[in-house]
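Every number in this text was worked out from the coordinates using simple rules, so none of it is lab data. Just so it is clear, the structure is predicted and the values come from calculations on it, not from any experiment. All Cβ positions, glycine included, derive from the backbone under ideal geometry; neighbour counts span all protein chains shown.
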Amino acid sequence: MKDLIIGGASNYDWNVLKYWVNSINKSGFQGDKVLILMNCDKDTVKKVSDAGFIVVGFQQDTQGNLTYPQTGRAPHVERFLHIYNYLSQNEYRYAITTDVKDVIFQQNPIHYIEKALTDDKNLMFASESMYYKDEPWGNENLHQTFGDFIYSKFKDNEIYNVGVLAGRGHALRDLICNIFVATQGRPIPICDQSTFNFMISMSPYKETSVYLRSEDAWAAQLGTTGDPTKIEKFRPFLIEAEPKMSVNIVTTSTGIPFTIVHQYDRIPNWRKILEAKYG
């Protein structure tokens with residue numbers, strides 16, 4: 001059975017998408033590569049396709065550019081609907097979905113997943129190395145999504161990032177569906193992170209998932225662990241050591257290369273290095 005990396009994007013051109021695309025190709029990943037493009041110019045579509053990716057589109061304008069109707073939902077929430085639809089029609093051994101604009105793959109993710117997912121585990125999540133109560137945006141997002149009572153019960157939880165998800169194909173399919181459905185009808189439109197964290201903090205996810213911290217070298221979440229505009233304030237609240245750059249590879253504090261690097265664009269000098277490598 002094949003493996004899958006899938007992402008979704010809207011209103012990004014090749015200059016934005018190429019780092020994600022090229023890093024996957026350089027990682028040695030051998031499975032299906034899928035990019036759902038809701039609004040995209042035809043030249044970018046061709047470049048993504050020429051790079052070996054399956055492009056999922058919806059409508060075209062008279063010039064051949066991909067278009068998508070307005071739904072009132074944020075694109076990074078809307079993507080979950082279409083990722084679920086794709087997974088519901090295609091069976092995979094392992095599947096990975098990540099944000100596209102600010103993610104690169106430094107290594108083949110399947111090598112890590114094969115070791116991490118033992119027989120009784122189905123999904124794996126990446127920590128942001130902070131608790132909700134200590135991270136201002138996440139803290140407010142949790143409160144606005146659920147209100148006082150649920151917020152008071154969950155504010156002490158560790159934050160896991162919804163922008164890097166992986167697991168067995170059937171399990172990721174169902175998680176993605178649950179995330180999308182849980183975001184609908186909420187008081188705020190951007191609540192995929194809060195609803196996801198709410199779900200995975202309880203059974204049955206607690207018993208069937210692997211919860212990975214930054215130092216486990218699966219995925220670096222640099223929005224909390226490296227952003228130079230925030231790190232001085234965040235550092236006292238980090239629950240583990242910060243990632244570092246070793247020449248042109250992002251590693252843990254002990255020098256182990258990460259498989260996935262997320263939010264690298266928050267650190268200007270790291271961004272320059274990684275974009276030169278994967279551009």
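Assorted remarks:
- Relative contact order of the chain, defined on C-alpha pairs under 8 angstrom at six or more residues apart (%): 21 percent
- Radius ratio Rg over Rh of segment 1-117, counting only Cα atoms, Kirkwood formula for Rh: 0.96
- Stokes-Einstein D (µm²/s) once Rh is taken as the Kirkwood radius of segment 202-279 over alpha-carbon pairs, at 20 °C in 1.002 mPa s: 160 µm²/s
- Note on residue 2: lysines with a C-alpha under 27 Å away, same-chain residues under 8 apart excluded, are 18, 26, 33, 46, 47, 101, 115, 121, 206.
- Each Lys or Arg adds one and each Asp or Glu subtracts one; over the other residues with Cβ under 13 Å from the Cβ of residue 138, this totals -4.
- Estimated translational D of the chain in µm²/s (Stokes, Kirkwood radius over Cα pairs; 4 °C; 1.567 mPa s): 68 µm²/s
- Annotation: peptides 246-252, 262-268, ranked by per-residue average of other Cβ atoms within 10 Å with the highest first, follow the order 262-268, 246-252.
- Part-to-part distance (alpha-carbon centres) for segment 172-192 and segment 46-123, which is given in Å: 16 Å
- Highest to lowest packing among 34-41, 9-16, scored as the average C-beta count within 10 Å: 34-41, 9-16
- Seen from residue 262, the other residues with C-beta closer than 9 Å to its C-beta sum to a net charge of -2, counting Lys and Arg as +1 and Asp and Glu as -1.
- With the simple spin-label model, which puts each label point 7 Å out from Cα in the Cβ direction, the residue 16 to residue 233 separation comes to 2.6 nm.
- Helical mean residue ellipticity (222 nm; -39500 (n - 2.57) per DSSP H run of 4+; nearest 500) of the chain: -12000 deg cm²/dmol
- Taking a straight Cα-Cα cut-off under 14 Å and skipping sequence neighbours fewer than 8 places away in the same chain, the aspartates and glutamates within cross-link reach of residue 272 are 102.
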